[in-house]
Amino acid sequence: MRDKFISDTLGSTKKFLNNNKQLLVLNADKGNVTVVMEKSEYDAKMQVLVNDIATYRVLKRDPTNKLQDKNNDIVERMYNNKIIDLNEKNSLMCKTANPPRVYGLPKIHKDGTPLRPICSSVNSPSYNLCKYLTNILKNLTKSSKYNVKDAMEFKNKIKGSYVYDDEILVSFDVVSLFPSIPVDLAIELIASRWDEIKNLTFLTKELFLTILKFCVKENRYFKYNDKIYEQRSGMPMGSPASPIIADIVMEELLAKFERDSTNKPRLLTKYVDDLFAIIKTQDMDIMLHTLNNYNKSIKFTIEKDNNGQ
């Protein structure tokens, strides 16, 4: 009975979608929810995103072939310098690259249901080389005192914490994390940690920085509706290296905050771009101001507790 119901429902759904070609079926940005949206509405909202001239610009030429050649030149150098073996070389070489593809996920928890841009860089010129870089860089935050990997670890970290009458629970969220991270700052911070990195790789510093700049500075582009767009600032969306590099920058931000602050939170932790703190109520606005003065591109919003939640 149940199998028949599922089969009948699936069949009627397919029929409905075949008869309504103007509809798109999408995953929501959060909540594991499926969203049905008119194609015209979806495209209009995507056009608003990609036509933001402060963030993106249209390129006259597709740089994919040029970037593929540079990727393969770097890999050839790694092989010739005996940094990688033949199998690794073959896995890092790029033969049929495609430009990264951007799409949007509806933010159903926001007024007007805006889209969150997501970029898939699978099969893009630098994809495998960026994964290689990520495997090196992820070791820099492995012993982070701030990071939690999931909700269960967060629960265990705050278990037994008590909030006193003069304290408050707050969360700070970075506005548009990847586009907010200044690339030159990220490269500078990572280069400053070469003494740690050199123990994790056979790369020379010069070649390591060449790969880093190639992945985060030269591959900031994507395709939408037959047009090629360049991301003008911030970390490249969809790159495997962007999350860990953004995390390294956030680590430095929090370390700097704790070095400079005289009124530290009693508890401070983070998950990606979300910070959680237990802090004196009178220091809450000071902390927000201090975080927002770290870099003009990185801005935080704040959310306060509601009845201890």
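The values are calculated or read from the model by the stated rules, or taken from the named source; none is laboratory data. All values derive from a computational prediction rather than experimental measurement. Glycine gets a Cβ as well: all are built from the backbone with ideal geometry, and neighbour counts include every protein chain shown. Just the protein is used for accessible areas: all its heavy atoms, side chains included, with ligands, DNA and RNA removed. Shrake-Rupley method; radii C 1.70, N 1.55, O 1.52, S 1.80 Å.
Points to keep in mind about this one:
- The stretch 75-118, residues that are of a type in the set (A, V, I, L, M), surrounded by 15 or more Cβ atoms within 10 Å (Cβ to Cβ) and assigned to a loop (DSSP other than H, G, I, E, B): I83, I84, M93, A97
- The stretch 25-41 - residue that is under 25 Å from the mean Cα position of the chain (by Cα) and either open to solvent by 90 Å² or more (accessible area, probe 1.4 Å) or over 13 Å from L115 (Cα atoms) (or both) and, of those, modelled with the lowest pLDDT: G31
- Residues in the stretch 1-43 that are part of a loop (DSSP other than H, G, I, E, B) and among the basic types (K, R): K21, K30.
- Candidates are the residues of the stretch 60-69 that are open to solvent by 70 Å² or more (accessible area, probe 1.4 Å) and assigned to a helix (DSSP H, G or I); the one that is farthest from M237 (Cα to Cα) is D69.
- Here I228 fulfils each of the conditions (1) of a type in the set (V, I, T); (2) closer than 30 Å to K304 by Cα; (3) assigned to a strand (DSSP E or B); (4) open to solvent by 10 Å² or more (accessible area, probe 1.4 Å) apart from (2).
- Of everything in the stretch 290-308 that is part of a loop (DSSP other than H, G, I, E, B) and in contact with a strand residue (DSSP E or B) (Cβ under 8 Å, 6 or more places away or on another chain), the residue that is surrounded by the fewest Cβ atoms within 10 Å (Cβ to Cβ) is G308.
- Residue check for I244: in contact with an Asp or Glu (Cβ under 8 Å, 6 or more places away or on another chain) and β-branched (V, I, T): no
- Hits in the stretch 273-285 (condition: outside any strand (DSSP E or B) and more than 27 Å from the chain's Cα centre (by Cα)): T281, Q282, D283
Quick grid of which residues meet (1) acidic (D, E); (2) outside any helix (DSSP H, G or I); (3) loosely packed, with under 14 Cβ neighbours inside 10 Å:
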{"site": "E218", "(1), (2), (3)": "yes, yes, no"}
{"site": "S239", "(1), (2), (3)": "no, yes, no"}
{"site": "M250", "(1), (2), (3)": "no, no, no"}
{"site": "P265", "(1), (2), (3)": "no, yes, no"}
{"site": "L288", "(1), (2), (3)": "no, no, no"}
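- Selection count, the stretch 121-145, where residues are open to solvent by less than 60 Å² (accessible area, probe 1.4 Å) and in a loop (DSSP other than H, G, I, E, B): 5
- Screening the candidates Y56, Y79 for the property of being hydroxyl-bearing (S, T, Y) and modelled with pLDDT of 95 or more yields one hit, Y79.
- Within the stretch 151-200, the set of residues being open to solvent by less than 80 Å² (accessible area, probe 1.4 Å), over 22 Å from the mean Cα position of the chain (by Cα) and acidic (D, E) comprises D166, E167.
- Whichever residue in the stretch 44-59 is within 14 Å of G234 (Cβ to Cβ) and assigned to a loop (DSSP other than H, G, I, E, B) and, among such residues, is most open to solvent (accessible area, probe 1.4 Å): A54
- Check on I278, surrounded by fewer than 20 Cβ atoms within 10 Å (Cβ to Cβ) and either of a type in the set (G, A, S) or under 19 Å from Y164 (Cα atoms) (or both): yes
- Residue in the stretch 205-216 that is nearest to S124 (Cα to Cα), counting only those that are in contact with a helix residue (DSSP H, G or I) (Cβ under 9 Å, 6 or more places away or on another chain) and open to solvent by 10 Å² or more (accessible area, probe 1.4 Å): K213
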